[in-house]
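One structure below.
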Amino acid sequence: ALLPGAEPAAHCYCGHQFGHFAGQLGDGAAMYLGEVCTAAGERWELQLKGAGPTPFSRQADGRKVLRSSIREFLCSEAMFHLGIPTTRAGACVTSESTVARDVFYDGNPKYEKCTVVLRIASTFIRFGSFEIFKSADEHSGRAGPSVGRSDIRVQLLNYVISSFYPEIQAAHASDSVQRNAAFFREVTRRTARMVAEWQCVGFCHGVLNTDNMSILGLTIDYGPFGFLDRYDPDHVCNASDNTGRYAYSKQPEVCKWNLQKLAEALQPELPLELGEAILAEEFDTEFQRHYLQKMRRKLGLVQVELEEDGALVSKLLQTMHLTGADFTNTFYLLSSFLVDPESPGLAEFLARLMEQCASLEELRLAFRPQMDPRQLSMMLMLAQSNPQLFALMGTRAGIARELERVEQQSQLEQLSAAELQSRNQDHWATWLQAYRARLDKDLEGAGDAAAWQAERVRVMRASNPKYVLRNYIAQNAIEAAERGDFSEVRRVLKLLETPYHCEAGAATEPEATEARGATGGQRSYSSKPPLWAAELCVTSS
């Protein structure tokens with residue numbers, strides 16, 4: 001039943017998927033209903049995801065299932081309350097209708113309940129919207145459906161800039177090239193800031209194709225996303241990303257690559273050399289500026305900014321990687337670090353940090369080999385005997401990762417839990433010494449030590465979330481919902497509305513029942529994930 005004034009439509013766009021031009025894509029499971037314009041002049045586009053087939057569904061059914069819909073519903077709201085630009089979720093509605101989905105791509109599909117998410121944003125126009133004009137790709141031979149239609153590109157640019165960047169339209173009304181350049185500059189800056197925000201909370205998008213990049217710098221299209229648990233810069237949250245193209249550490253460079261494709265799609269209305277110059281001038285600078293600004297706040301450096309701060313952050317992340325520390329909990333814990341070297345409790349603080357480091361059991365599970373030894377041996381022989389064939393198979397990066405896992409596993413087998421603990425303590429003691437020295441420099445610039453300390457803790461608590469949507473939390477909520485119990489979804493949503501846990505009157509954290517595992521016990525929503533969570537396979541269907 002349509003709302004009065006609704007005009008359902010599906011959006012046609014193209015995209016580069018995993019680095020290759022895929023041609024026409026479009027909304028295969030999303031349906032535009034219309035816009036609501038508020039008295040304040042805001043525009044909100046309403047969109048249903050999973051309502052059925054569209055002209056761009058290809059052979060698919062246009063339906064979404066309960067698990068992926070709950071993940072999008074919870075994560076888009078979680079990101080909003082973390083202060084990260086994002087689309088919103090207005091509602092999540094499920095039914096008794098079912099569709100078959102092969103969750104693990106293993107030839108064993110199962111029937112799941114159809115679910116529809118109401119998505120809200122100023123616009124869902126994306127980089128790929130401008131790629132419908134692309135001529136035949138030199139590698140794939142595919143072209144956009146609107147090749148040669150510069151009139152539509154001009155119309156689309158006029159609409160986007162006048163509707164969503166009116167200040168740019170007003171400032172360059174008489175010069176379209178300068179207007180388009182200012183528009184691309186602003187999109188570049190917004191995208192750089194958005195991905196810097198992701199990196200600072202450990203968010204992994206999972207599928208950063210050009211058709212999943214917002215023209216407004218919003219986080220859109222929540223598919224196989226994830227938040228870091230154990231800090232691993234090479235973490236890949238998408239089971240389909242075999243090459244690690246969209247790994248956590250690669251997100252900034254991928255977003256920059258996608259902006260390059262947008263620049264190519266905007267010509268000749270924006271000359272390519274001008275777009276590339278803007279990209280080279282703006283992206284890295286804006287990303288580094290925003291990232292370091294956020295990281296200073298996460299570390300409570302509130303008084304002075306020093307050039308050495310970038311190195312301190314890098315050393316922290318290196319220490320977290322070496323010790324397998326939990327990303328979210330480690331940052332949250334640092335706000336209780338005592339500045340005065342004479343203060344008691346350093347040993348106690350180190351002990352609390354050790355609890356956030358990966359256990360020997362966790363590391364052995366994380367670095368377990370993924371290939372049969374005989375298969376690995378055969379691939380290595382092929383690399384020696386026929387490197388051309390080996391290169392064509394595209395497995396070089398995968399083999400390198402597998403060899404690294406084998407080496408790590410071998411080292412871990414020779415390590416005791418006590419040795420691991422001692423090694424981790426040494427790593428953290430070294431970094432904490434540098435951190436304390438940096439905090440001393442920050443304190444020197446403050447007039448009142450007590451006021452500085454209070455401000456430092458306030459800023460850190462407002463910058464380091466206690467709660468993020470960890471995969472195991474989402475999975476527990478999904479499994480309860482699949483049994484007909486939506487109370488856990490509501491409970492998690494309520495918790496994610498105050499992720500920083502520093503607002504006055506913030507609710508006391510409820511206990512989350514562990515849905516899997518032999519313990520049957522209870523687990524806090526801010527706990528490190530249980531071991532079974534490492535086995536979770538996240539897909540976007």
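The values are calculated or read from the model by the stated rules, or taken from the named source; none is laboratory data. If you're wondering where the values come from, they're calculated on a predicted model, not measured in any experiment. Positions of Cβ are backbone-derived with ideal geometry, glycine not excepted, and every protein chain shown enters the neighbour counts. Only protein heavy atoms, including side chains, enter the accessible area calculation; ligands, DNA and RNA are left aside. Shrake-Rupley method; radii C 1.70, N 1.55, O 1.52, S 1.80 Å.
Assorted remarks:
- Rolled with a 1.4 Å probe across the full set of protein chains, the surface gives TYR159 an accessible area near 80 Å².
- Proximal charge balance of ARG63 [Cβ under 11 Å; K/R count +1, D/E count -1]: +2
- Per residue solvent-accessible surface (Å²) - segment 308-462, probe of 1.4 Å: 54
- Measuring nothing but how far apart in sequence close Cα pairs (under 8 Å, 6+ apart) lie, relative to its length, the chain scores a relative contact order of 15 percent.
- Geometric descriptor of segment 308-462, per residue, is 147 Å³ (volume of the convex hull of the Cα atoms).
- Per-bin percent of Cα-Cα distances, segment 150-293 [5 Å]: 2, 10, 19, 21, 18, 13, 9, 6, 2, 1, 0
- The chain: angle of helix 417-444 to the longest principal axis, Cα-based, in degrees nearest 10: 80
- The lysines within cross-link reach of LYS315, meaning a Cα-to-Cα straight distance under 29 Å and a gap of 8 or more places when in the same chain, are LYS250, LYS256, LYS294, LYS298, LYS441, LYS466, LYS528.
- Cα gyration tensor shape for segment 281-324, rounded if a/c is under 1.5, else prolate or oblate: oblate
- Both numbers refer to the Cα atoms of segment 1-147; Rg and Dmax are 16.9, 52 Å.
- Here the dipole of the chain is about 820 debye; that uses its Cα centre as origin and unit charges on the Cβ of Lys and Arg (positive) and Asp and Glu (negative).
- Seen against the Cα atoms of the chain and their longest principal axis, helix 150-164 is set at about 50 degrees.
- With a cut-off of 12 Å between beta carbons, the residues surrounding ILE132 carry a summed charge of +3, where Lys and Arg count +1 and Asp and Glu -1.
- Averaging 1/r over each pair of different alpha-carbon atoms in segment 329-379 and inverting the result gives 14.2 Å, the Kirkwood hydrodynamic radius.
- Cα centre as origin, Lys/Arg/Asp/Glu Cβ charges: segment 1-111 dipole, Debye: 240
- In loop segments of segment 51-123 as defined by DSSP, the trypsin sites (Lys or Arg not before Pro) with at most 12 further C-beta atoms inside 10 Å of their C-beta are ARG58.
- Surface share of carbon and sulfur [accessible, 1.4 angstrom probe, percent] for the chain: 52
- Net charge in the neighbourhood of GLU112 (other residues with Cβ under 14 Å of its Cβ; Lys, Arg +1, Asp, Glu -1) is +3.
- Computed from Cα positions, the angle between helix 66-81 and the longest principal axis of the chain comes to roughly 70 degrees.
- The residues of segment 150-293 present an accessible area of 35 Å² per residue when probed at 1.4 Å with all protein chains retained.
- Sorting ARG153, ARG461 on solvent-accessible area from highest to lowest, probe radius 1.4 Å, gives ARG461, ARG153.
- Å² per residue, accessible surface of segment 1-111 at 1.4 Å: 50
- Gyration tensor (alpha-carbon) shape descriptor, segment 252-387, a/c threshold 1.5: oblate
- Here segment 1-84 was treated as a single set of alpha-carbon atoms; its pair distances binned every 5 Å from 0 give 3, 12, 15, 18, 23, 18, 8, 2, 0 percent.
- Each Cα pair under 8 Å and six or more residues apart adds its sequence gap; the mean of these over the residue count of segment 150-293 is a relative contact order of 29 percent.
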